[in-house]
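Here the structure is laid out as structure tokens; the discussion comes afterwards.
The values are calculated or read from the model by the stated rules, or taken from the named source; none is laboratory data. Since we're looking at a predicted model, the values are computed, not measured. Every residue, glycine among them, receives a Cβ derived from its backbone with ideal geometry; neighbour counts consider all protein chains shown. Surface accessibility is based on the protein's heavy atoms, side chains included, excluding ligands, DNA and RNA. Shrake-Rupley method; radii C 1.70, N 1.55, O 1.52, S 1.80 Å.
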Amino acid sequence: MTVTQTKSTTITAYMAALSVAAAALAVSTQMPLPGPLMLSLVAGIVVANTPLSGGETMRAAHAAGRTLLRAGVVVLGLRISGADILAVGAAGIAVVVLTVLCTYTATEWLGRRLGLDRDLVTLVAAGFSICGAAAIAAVNDTVRGRERNVAVAVALVTVFGTVMMVAVPGAASVLGLTTAQTAVWSGASIHEVAQVAAAASLAGGGVLALAMTIKLGRVVLLAPVFLAASRGRGRPSAARAVPWFVVGFVLAVALRSTGVLPAAAIGAAEGLTTVLLAAGMFGLGLAIRFKELWPVPPAALGLAAASTAVAAGVPLFLVVFLVG
């Protein structure tokens, strides 16, 4: 493929992901319950399991979706001020740190006892404790896992994260959690950044900003997790451990905190965030190919289920006692 063809395919891929997001946003105005992020995810899953998924454009759309997702996270920072971060407080920080520590450690411990490939276990531990596919991709830079292990880890974290995306808001309502408790639990437990945004939109107003702040707190902890995964696998690079979109998010929050942004700009950022995150969800959906999930070792499914249980259970216990 020539350079010109590659550029054309890339542009088409970005347009495809953004077009699906725009369509999902339009449909959600008539069907508000699923939300544009969920609709985009479903569209991606449908495409991924049809012959369309084999085209160069759809393969490029998966990569484009991940970039758009990260861009959406950066723009999301314009909706969060320093006051929102201060609202997390010591309790929120404790929930984030303890959840990541318990999930990563428990997953590594159980994976070894189940006899699973060490690299697969580490990829699952990173993805389920930090930020899903993005963490898996980052940690794989040092793990150098086989393609099969990476595909299984990404598929598992996407599927189980999608289940959590729906289950957490419903469970929070049944348990009678406050808005703050729901937000912290969502941000501390659900695997993917976009999944947290979707869950927060299902949970109702007032949840999104705090949930995403908590979630990005987990993403920042990708740095120590990267270093932990690097032990015995060569010399890690700490600089590569902090994703660019985390830096962008922090800078955007700092800009918002100055108070110089007009209300119109903040409102525009809200709409742009939704479109970018929806496009990212479409890209995530393109990674869920049922044929690649089969046959998944039963032990791997068990590890994913256990890791999800820890990621959900630890912060739920903590928010009940620490967050009002």
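Arg79 falls short on exactly one of the conditions (1) open to solvent by less than 20 Å² (accessible area, probe 1.4 Å); (2) at pLDDT below 95, and that condition is (1). Limited to the stretch 247-269, what total is found for residues that are without any contact (Cβ under 8 Å) to a residue 40 or more places away in the chain and surrounded by 13 or more Cβ atoms within 10 Å (Cβ to Cβ)? Of the residues in that region, 1 qualify. Checking the stretch 8-25 against the condition returns no match, with no residue being of a type in the set (Phe, Trp, Tyr) and under 23 Å from Ala167 (Cβ atoms).
Identify the residue in the stretch 82-113 that is small (Gly, Ala, Ser) and crowded, with 19+ Cβ neighbours inside 10 Å and, among all such residues, is farthest from Ala180 (Cα to Cα). Within the stretch 82-113, the match that is farthest from Ala180 (Cα to Cα) is Gly111. Checking the structure you have, find out if any residue of the stretch 162-181 is within 20 Å of Pro297 (Cβ to Cβ), open to solvent by 20 Å² or more (accessible area, probe 1.4 Å) and modelled with pLDDT under 85. Checked the stretch 162-181: no residue is within 20 Å of Pro297 (Cβ to Cβ), open to solvent by 20 Å² or more (accessible area, probe 1.4 Å) and modelled with pLDDT under 85. Of all residues in the stretch 22-51, those satisfying the criterion of being without any contact (Cβ under 8 Å) to a residue 40 or more places away in the chain and surrounded by 14 or more Cβ atoms within 10 Å (Cβ to Cβ) are Ala23, Val27, Ser28, Pro34.
Among the candidates Ala151, Ala171, Ala134, the residue that is under 20 Å from Gly44 (Cβ atoms), more than 13 Å from the chain's Cα centre (by Cα) and hydrophobic (A, V, I, L, M, F, W, C) is uniquely Ala151. Summed over the stretch 183-224, the residues that are open to solvent by 10 Å² or more (accessible area, probe 1.4 Å) and either at pLDDT 90 or above or under 19 Å from Cys102 (Cβ atoms) (or both) give a count of 6.
When the stretch 170-218 is examined, which residues are found to be among the β-branched types (Val, Ile, Thr) and not in a helix (DSSP H, G or I)? Thr178, Ile190, Val207, listed by residue number. For the stretch 140-148, the criterion of being within 19 Å of Arg218 (Cβ to Cβ), of a type outside the set (Lys, Arg) and under 16 Å from the mean Cα position of the chain (by Cα) is met by none of the residues. Scanning the stretch 270-297 for residues that are surrounded by fewer than 20 Cβ atoms within 10 Å (Cβ to Cβ) and within 22 Å of Gly206 (Cα to Cα) returns Glu270, Gly271, Leu272.
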